[in-house]
Each structure stands twice: as structure tokens, then as C-alpha cells.
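Here the structure is laid out as C-alpha cells; the discussion comes afterwards.
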Amino acid sequence: MILLHRKGAKGWEDLLTTEEFDGDANPKSKFQDVAKTMGLLDSQDHWIEYFSEAKDLATPSQLRDLFASAIIYGEILDIREIWERFKDNFMEGYARNMSVYTAEKMVLQDIEKQLEQAGDSLANHGIEMPYHFEAFVEDSWNKDEEREHGNAMRAKMNADQEAIIAYIFEKIAERRSSTRSNAVVEENFAEWVLKLGNGELESEQEMVRAPEPCFASSDLIEEVFGEYITNNDFEALSRRVILTTTNERVQEINLKVLEKVGYKEERTYLSFDKVDTNEPNTAIEYPDEFLHSYNDSGLPPHELRLKKNCPVMPKHNVRSTSWRSLHRNPTRSQGTT
């Protein structure tokens with residue numbers, strides 16, 4: 001496994017040294033330690049790093065969704081350790097309005113509901129649900145009282161605070177206006193697609209001309225991403241995407257876009273692949289190099305190359321309304337390599 005990812009090694013000592021990964025110039029005593037340091041083996045440390053980063057990016061409810069998804073689809077070696085280490089982050093939203101005890105029970109109940117939909121339970125992983133715990137009633141939140149409380153707080157603002165609130169509300173109004181404009185464009189295109197399906201469009205030899213906005217007048221990559229890369233406007237870049245038919249084309253386009261990004265430093269991230277079975281001959285029938293080369297449409301590539309500020313399209317989440325960062329879906333985050 002190490003030989004697949006270590007180039008230029010001239011002997012055992014080179015293979016046992018992981019200085020470029022952990023800064024330790026001394027050779028490791030075991031190849032297993034080397035593989036773990038290089039991130040080639042699944043371990044509890046990876047999940048701890050995963051949630052350590054996620055807690056700084058996700059809301060508490062999104063973090064709970066991630067935890068439930070990782071239990072269902074991942075293989076956290078010690079789920080209870082992750083729970084004990086990050087439960088304060090999981091219950092942060094609840095803890096503002098209720099006791100820590102009640103907040104913890106609410107979080108457990110929220111996660112348990114998600115696991116039940118997948119036929120699982122926290123009890124299967126060493127975390128017991130409390131007995132005789134009454135469910136929190138969402139209707140107990142009174143929007144009129146909250147509005148009155150908000151108006152009272154706003155009345156006490158100074159000029160600078162009021163200016164900040166006014167600016168935020170202005171941006172919200174702009175967003176709504178932009179959304180309405182986009183809806184008109186989408187409605188027109190939807191009408192064209194409907195006519196296409198009904199055979200109501202003029203055609204020559206069964207060929208129909210698509211609307212002009214569907215055509216690229218020059219290089220597609222340059223037209224979609226060019227000006228945003230030139231201006232280092234990565235926020236706008238993250239809202240644009242090229243859809244294609246195969247993973248091979250996706251990889252080809254990604255690498256071309258990556259070359260255009262001005263940052264020189266590049267990092268490569270590798271997947272940890274294995275066949276989920278207890279069959280003894282699996283490792284022989286499906287060696288790592290075969291799994292790494294497998295490029296199914298439902299899986300990300302084994303090798304992910306990134307530069308700073310490159311948009312990342314995560315995988316699709318189990319819950320469509322929650323933070324989409326565990327599985328692939330057209331939702332994006334920005335790389336900070």
C-alpha cells in the first residue's frame with residue numbers, strides 16, 4: 001500500500017520515514033504506523049479531525065446531521081468517543097434556551113430519529129436514550145413574543161448598530177429581488193423544455209435549435225469561469241458549474257480549471273477504499289490499486305487535487321434539507337489548503 005503512494009524510495013528507511021507528513025525525521029518502527037500517518041488507513045483520528053473541522057463550519061443542527069450520517073454510512077470506530085468529545089457542539093443551539101441536561105436529551109432524540117429511519121439506534125453503539133423523556137414541543141416557541149422581544153432590543157440600538165442592521169436588511173432585499181429575476185428566466189426555459197417535450201417547437205429534419213443562452217461562443221471553461229478566476233472572485237466562481245456526462249470528462253475539466261487558478265501550491269487528497277465484506281479472499285480479488293482505479297458515477301475520484309479557494313462539490317447528504325457535506329450534491333464549499 002505504501003509503495004503505491006511513495007515515489008522515489010530507495011530502501012526500507014525511506015519507506016519508514018514520514019517527515020513530509022508529520023515533521024518527524026526518525027523512521028517509524030512499523031509499516032502500519034507509516035500507513036496511518038500517511039492517511040492510508042481508516043482510524044479514529046480521521047473522524048476526530050473530521051468533526052474538529054466541521055464544528056467550525058457547520059451549525060449545531062448540521063453537525064448533528066453529519067454525526068447521524070457518519071453513523072449510518074461511515075464506520076466510526078468509537079462512536080461514543082466522538083459523542084463525548086463533541087456533544088457540546090452538537091447541543092449548542094438547544095443549550096441557549098434550556099438546561100444542559102434537557103439540551104443533551106434533545107440532541108440524543110434528534111439523532112435517534114434519524115437513525116430510526118435507517119433501522120439503527122444509538123443503543124446499538126453504546127449510547128442509551130433516556131427513559132421517560134418528554135419530547136420538546138416546537139409549538140412552545142411563540143413568534144409574537146420573539147418579535148416583541150426583537151423590536152425591544154432594536155429600539156435600544158445605537159446609530160452604528162442600526163446601520164449594520166439596515167445594511168443586512170438591504171442585502172436580504174437584494175437577494176429576494178435577484179431570486180425573483182432568476183425565477184422568471186427559469187420559468188421561460190421550463191416553458192421551452194415543455195414545448196420541446198410536446199413536439200410544439202419548429203424543427204428541421206427533427207433537429208431543434210436551443211435558446212441562445214445555451215450556447216458557448218468561445219472556450220466553455222473560459223466562458224464559465226474565466227473572468228472570475230482572473231479577478232480572484234472565488235465567491236462568484238463557487239456558484240457556477242459545468243455539468244457533463246462521465247467522470248472522465250469531469251476529471252478532465254477539473255484539471256484544466258485547476259491549471260488556470262493562480263495559486264502555485266497544490267495539495268492532493270487520496271481516498272481510503274475497501275470492499276465492505278468479511279470474505280477472506282476479498283483483499284486478493286480486489287487489491288487497493290483496483291479499487292483506486294474504480295471510477296463509478298456514484299463515487300468521487302480516488303485522487304482529489306486542490307488549490308486554495310478551489311470550490312469543492314461535496315457528496316449528497318441523507319437529509320435533503322440539511323448541510324450537504326458528507327455526500328455528493330450540487331452544494332459547494334471553498335478549499336483553504
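Brief remarks on what is shown
- Filter result for Ser293 (surrounded by fewer than 12 Cβ atoms within 10 Å (Cβ to Cβ), touching a His at 6+ places or on another chain (Cβ under 8 Å), assigned by TED's automatic domain parsing to the domain that holds Ile253 and of a type in the set (Ser, Thr, Tyr)): yes
- Test result for Asn281, under 25 Å from Lys36 (Cβ atoms) and either modelled with pLDDT of 75 or more or not aromatic (Phe, Trp, Tyr) (or both): yes
- 1 or more residues modelled with pLDDT of 80 or more, closer than 30 Å to Glu20 by Cβ and of a type in the set (Ser, Thr, Tyr): qualifying helices (runs of 4 or more DSSP H) within the range 201-278: none
- Some residue of the range 287-301 being at pLDDT below 75 and assigned to a strand (DSSP E or B): no
- Residue satisfying condition, being out of contact with any strand residue (DSSP E or B) (no Cβ under 8 Å at 6 or more places or on another chain), among the acidic types (Asp, Glu) and at pLDDT 85 or above, within set Asp65, Asp78: Asp65
- Meets criteria (of a type in the set (S, T, N, Q), loosely packed, with under 11 Cβ neighbours inside 10 Å and either within 30 Å of Asp296 (Cβ to Cβ) or not assigned by TED's automatic domain parsing to the domain that holds Glu303 (or both)) for Asn247: no
- Those residues of the range 236-257 which are touching a residue at least 60 places away in the same chain (Cβ under 8 Å) and out of contact with any Lys or Arg (no Cβ under 9 Å at 6 or more places or on another chain), in sequence order: Leu237
- For the range 92-126, the tally of residues that are among the small types (Gly, Ala, Ser), farther than 14 Å from Ala70 by Cα and without any contact (Cβ under 8 Å) to a residue 40 or more places away in the chain stands at 6.
- Pairs with Cβ under 6 Å, 6+ apart, first in the range 33-58 and aromatic (Phe, Trp, Tyr), second at pLDDT below 70: Trp47/Ile76
The values are calculated or read from the model by the stated rules, or taken from the named source; none is laboratory data. This structure is a prediction, so every number in the text was calculated from the model and none was measured. Methodologically, a virtual Cβ is constructed for each residue, glycine included, from the backbone with ideal geometry; neighbour enumeration extends over all protein chains shown.
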